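Student: Sharing a structure, written as structure tokens. Questions coming.
The values are calculated or read from the model by the stated rules, or taken from the named source; none is laboratory data. Only a predicted model underlies this, so the values are computations on that prediction, with no experimental measurement involved. When we count neighbours, we look across all protein chains shown, and the Cβ atoms used for this are built from the backbone with ideal geometry, even at glycine. Ligands, DNA and RNA are stripped out before the accessible areas are found, and what is left, the full protein with its side chains, is counted by its heavy atoms. Shrake-Rupley method; radii C 1.70, N 1.55, O 1.52, S 1.80 Å.
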Amino acid sequence: MTSTLLQKHPIKGSREFNLVDDEVFYTIQSPHRTESLSVVLNVLDPEPVISGSVLSFVSQVNREPLLELFLDKPDKESFDQFVNIMRLRIAEEDFSLLRVRDKGVEVDVAQISESIDMLQKYVDPAEIELLLSSLLELKTKPDDVNCLSNVAKAFNDLGFVQGQVLTYAPYINFLLSGSGAESTVAI
């Protein structure tokens, strides 16, 4: 796994990125100056933005680029590998996401059925369509950790509707709660 990325640009100089624990440290050397900074991963959006020949990881708050990498430098393979590691680590640092334990949980099919019924009755089904279909799949395959991960992804993608879902289907919180070290993130 690449946790360091070295990039060189004929005009803009060189950049070195080091991913260490929950931060990325970087040094930018240009003809006029050298700058060393660090960024904590949990402030970054895991989906990078490409603009011209630069890929940027932006702030979740103000959408300003906090890390800018030269696209496909030093080569496409090592660049893609580093970016994928960054995306995964950023998602792991997002403490607001509900997660699935590595071994899953024992799913109570009756609780899933009740949750589906309550959600269909009290929440606009169009707003939670993917979550409902994921719950229906989990109901038919309660031992499948991938189905549980699909529920986690659908829930994490809901946005402000999450509050309504947890109000009417609190069992979902039980299904998707887990500790950081022993859990995986559905991204």
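Student: Here is a list: F57, F70. Which entry is of a type outside the set (A, V, I, L, M), open to solvent by less than 20 Å² (accessible area, probe 1.4 Å), in contact with a strand residue (DSSP E or B) (Cβ under 7 Å, 6 or more places away or on another chain) and closer than 16 Å to P10 by Cα? Don't jump to the end; show me each part of the working.
Tutor: Values: F57 fails: closer than 16 Å to P10 by Cα.
Going through F57, F70 in turn, the sole match is F70.
Student: Say we look at the stretch 1-21 and pick out the residues that are surrounded by fewer than 14 Cβ atoms within 10 Å (Cβ to Cβ) and modelled with pLDDT under 90; which of these is nearest to N84 (Cα to Cα)?
Tutor: In this case the residue turns out to be M1.
Student: I'd like the full set of residues that are among the charged types (D, E, K, R) and either buried (at least 16 other Cβ atoms within 10 Å of the Cβ) or in contact with a strand residue (DSSP E or B) (Cβ under 6 Å, 6 or more places away or on another chain) (or both), limited to the stretch 112-136. Give the steps one after another, and end with the answer.
Tutor: Residues of the stretch 112-136 among the charged types (D, E, K, R): 114, 117, 121, 124, 127, 129.
Within the stretch 112-136, E127 is the sole residue that qualifies.
Student: Another one. Against the condition out of contact with any Cys (no Cβ under 7 Å at 6 or more places or on another chain), at pLDDT 85 or above and either assigned by the TED database to the domain that holds L69 or open to solvent by less than 80 Å² (accessible area, probe 1.4 Å) (or both), how does G163 come out, does it pass? Write out each step before concluding.
Tutor: Working: out of contact with any Cys (no Cβ under 7 Å at 6 or more places or on another chain): yes; at pLDDT 85 or above: yes; either assigned by the TED database to the domain that holds L69 or open to solvent by less than 80 Å² (accessible area, probe 1.4 Å) (or both): yes.
In short, yes.
Student: Select from the stretch 73-111 the residues that are at pLDDT 80 or above and basic (K, R) and write down the one among them that is least open to solvent (accessible area, probe 1.4 Å).
Tutor: My answer is R89.
Student: For the stretch 22-39, give me each residue that is β-branched (V, I, T), surrounded by 11 or more Cβ atoms within 10 Å (Cβ to Cβ) and without any contact (Cβ under 8 Å) to a residue 24 or more places away in the chain. Reasoning before the result, please.
Tutor: In the first step, residues of the stretch 22-39 are kept if they are β-branched (V, I, T); the result is 24, 27-28, 34, 39.
Those left that are additionally surrounded by 11 or more Cβ atoms within 10 Å (Cβ to Cβ): 24, 27-28, 39.
Matches in the stretch 22-39: T27, I28.
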